[in-house]
């Protein structure tokens, strides 16, 4: 099977189910950003500090493929079988955050992203996740999206914020609070 099909040479792409839409369509932007997010999650997973979390991060990547499949399916199409998200998927993120929070100091200020390259990768991942969430919400304004997709992306960006703080602690680097000069 060749990677290139030449079917998108005129600026359109096919959704699962066969209909074609412009590559600039908000649906394509949404699942394209989820794909970008998945790549950044892989980068975070590859950081040595996350060796013990590699399985959790790989599971997140699999859920992002599920979300991509959901978003790539034309609305109302019942011919195509697409995997689904479950409430337990959101709960798992919450459980992982609660587990990390038990070991973190109370946050009194916003924190500046950085302190270590691995932490910065995690913050970039968080930001891409927030962008994916915004795009999916925009898509939902014109075409209904499974509410669990939005909820999962919302919780996932929180997860990456907590993970970044946990990585700061594990890497023994300084967490820099944002102290606005008023």
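Any read-out appearing in this document is the output of simple, stated calculations on the displayed coordinates, not a laboratory observation. A quick note: this is a predicted structure, and the numbers were derived from the prediction, not measured. When we count neighbours, we look across all protein chains shown, and the Cβ atoms used for this are built from the backbone with ideal geometry, even at glycine.
For the chain, the relative contact order works out to 26 percent when only alpha carbon pairs closer than 8 Å and six or more residues apart are counted.
Size descriptors for the chain, from the alpha-carbon set: Rg then Dmax equal 18.2, 60 Å.
Calculated from the alpha-carbon coordinates, region 1-101 shows an Rg and a Dmax of 16.4, 49 Å respectively. Summarising the label geometry, the points placed 7 Å from Cα in the beta-carbon direction at residue 35 and residue 103 lie 3.5 nm from one another. Spin-label model, residue 81/residue 3: points 7 Å from Cα along the beta carbon direction are separated by 2.9 nm. Sorting the segments 91-104, 117-130 by their residues' average number of neighbouring beta-carbon atoms within 10 angstrom, most packed first, yields 117-130, 91-104. Any chance you could give the angle, 0 to 90 degrees and rounded to 10, that helix 87-101 forms with the longest Cα principal axis of the chain? Compared with the principal axis, the helix lies near 20 degrees.
With the helix formula -39500 (n - 2.57) applied to DSSP H stretches of n ≥ 4, the chain reaches a computed 222 nm mean residue ellipticity of -19500 deg cm²/dmol.
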